[in-house]
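For reference, the structure is listed below as structure tokens.
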Amino acid sequence: MTVGAGLLAMNDNAVHLIHRVVRIASKPAPTGGNRTINRIQERCFMTAANVYQQRPTTGAKAESSLHHAGLQSLVGKGRKNAGVTVREKKLLGHLTIRGDGHDAAFAAGVHKALGIELPGALTVVIKGETSLQWMGPDEWLLIVPSGEEFAAEQKLREALGDLHIAITNVSGGQQVLELSGPNVRQVLMKSTSYDVHPNSFPVGKAVGTVFAKSQLVIRHTAEDTWELLIRRSFSDYWWLWLQDAAAEYGLSVQA
């Protein structure tokens, strides 16, 4: 089993195997066999997470999924008073956290490590450059500034101790595009069937939905500011879509 890939799902065969190992381990062992039995017990009942720094520290150059689009060269070249401004929030740290949201110890551990309350269904909590979003009944997404994901994971594991959890670094698979301006809502209405009216989609709400015939997560982070949590491999597609959808309102790029 790869630690961090998800919560352990045990079937009847796995349970039977563990019970069998317990019976074997409980029998008197030949001289010198205690070490072997201890190793068997450790494999069955003790799991150590291999936590390490995944971001290159040797001077290797990291590139965002829209590096080829040259967004930096487009800064300041859009229409004045554009109705939509896009900003690539690149190379942030993304951690998926799995655990029991009904467990007070889990919620307290997350708060201790992050200083953020565990958000409820369809909500995102933002504290400075850090955000924590509810993704499902037992899953949350933590986004931290670039390079801080390793330290954040260490703090979480220390605070959560022996609780049944999983923390996975998914930074390389997704990124965030920020849309701001008076006409962002109109662009969203062109792109998704989800109701983005303020009464249905207030600030602080986040949902996964169909967008431009694909799927992503929409996050309403401020009055006229929204974020699209996108898959890295779809970045080019959504960038082309946004250029077309925002053309009538004017699109500008922010560094």
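Within segment 235-255, the set of residues being modelled with pLDDT of 95 or more and in contact with a Lys or Arg (Cβ under 6 Å, 6 or more places away or on another chain) comprises ALA245, GLY250.
For segment 85-104, the candidate set comprises residues that are part of a loop (DSSP other than H, G, I, E, B) and free of Cβ contacts under 8 Å to residues at least 40 places away in the same chain; within that set, the residue that is nearest to LYS155 (Cα to Cα) is GLY101. Exactly one residue out of ARG185, ARG232 is among the basic types (Lys, Arg), more than 16 Å from ARG87 (Cβ to Cβ) and touching a Gly at 6+ places or on another chain (Cβ under 6 Å): that is ARG232.
For the residues LEU160, LEU156, LEU141, the requirement of being touching a residue at least 40 places away in the same chain (Cβ under 8 Å) and under 12 Å from the mean Cα position of the chain (by Cα) singles out LEU141.
Within segment 66-84, residues that are of a type in the set (S, T, N, Q) reach partners that are assigned to a loop (DSSP other than H, G, I, E, B) and exposed (fewer than 10 other Cβ atoms within 10 Å of the Cβ) with beta carbons closer than 8 Å, at six or more positions or on different chains, in the pairs GLN72/ALA255. Taking strands (runs of 3 or more DSSP E) as the structural unit, those lying wholly within segment 145-255 and holding at least 3 residues that are surrounded by 17 or more Cβ atoms within 10 Å (Cβ to Cβ) and among the polar types (S, T, N, Q) correspond to 174-180. Here the condition is being under 27 Å from TRP241 (Cβ atoms), at pLDDT 95 or above, of a type outside the set (D, E, K, R) and out of contact with any strand residue (DSSP E or B) (no Cβ under 8 Å at 6 or more places or on another chain); of GLY109, GLY136, it holds for GLY136 alone. Only residues that are within 30 Å of ALA60 (Cα to Cα) and not in a strand (DSSP E or B) were counted across segment 105-144, and they come to 4.
When we screen THR130, THR123 for residues that are closer than 18 Å to LEU95 by Cβ, free of Cβ contacts under 8 Å to residues at least 60 places away in the same chain and among the hydroxyl-bearing types (Ser, Thr, Tyr), the only hit is THR130.
So which of VAL75, VAL110 ends up being β-branched (Val, Ile, Thr), surrounded by fewer than 17 Cβ atoms within 10 Å (Cβ to Cβ) and on the phi < 0 side of the Ramachandran plot?
VAL75
The values are calculated or read from the model by the stated rules, or taken from the named source; none is laboratory data. This structure is a prediction, so every number in the text was calculated from the model and none was measured. A quick note on method: Cβ atoms are made from the backbone with ideal geometry, for glycine too, and the neighbour counts reach across all protein chains shown.
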